[in-house]
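Report on one structure; see the data block that follows.
Any read-out appearing in this document is the output of simple, stated calculations on the displayed coordinates, not a laboratory observation. If you're wondering where the values come from, they're calculated on a predicted model, not measured in any experiment. Glycine also receives a Cβ, built like all others from the backbone with ideal geometry; neighbour counts cover every protein chain displayed.
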Amino acid sequence: DLPEAALIGLIQKGDKVIVPRGDTRLEEGDILTIFAMRETVADVERLFQVGIDFF
């Protein structure tokens, strides 16, 4: 789960930019704009980190 001090502000889906709602689904290839307090940035980075087994 996203830390409480972080918020997905925008999602770019192809050529569209949307403001996410509670029922918005993330899909592979989406580009996120995330707003986070400094102390939660490392947690957000770990959340979206890809491991070697992904490849």
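The table below lists the values:
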quantity	calculated
Residues that are more than 14 Å from the chain's Cα centre (by Cα) and not hydrophobic (A, V, I, L, M, F, W, C), drawn from the range 38-55	ARG38, GLU39, GLY51, ASP53
Odd one out for LEU7 among (1) loosely packed, with under 13 Cβ neighbours inside 10 Å; (2) outside any helix (DSSP H, G or I)	(1)
Neighbours by Cβ (under 6 Å, 6+ apart or cross-chain): first from the range 18-35, without any contact (Cβ under 8 Å) to a residue 12 or more places away in the chain; second surrounded by 10 or more Cβ atoms within 10 Å (Cβ to Cβ)	ILE18/ILE11
Filter result (under 11 Å from the mean Cα position of the chain (by Cα) and surrounded by 10 or more Cβ atoms within 10 Å (Cβ to Cβ)) within the range 25-37	LEU26, ASP30, ILE31, LEU32, THR33, ILE34, PHE35, ALA36
Scope the range 1-16; condition over 15 Å from PHE48 (Cβ atoms) and of a type outside the set (A, V, I, L, M); matching residues	GLU4, LYS13, GLY14, ASP15, LYS16
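Quick grid of which residues meet (1) of a type in the set (D, E, K, R); (2) loosely packed, with under 11 Cβ neighbours inside 10 Å; (3) on the phi < 0 side of the Ramachandran plot; (4) assigned to a loop (DSSP other than H, G, I, E, B):
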residue	(1), (2), (3), (4)
PRO20	no, no, yes, yes
ASP23	yes, yes, yes, yes
GLU39	yes, yes, yes, no
ARG46	yes, yes, yes, no
ASP53	yes, yes, yes, no
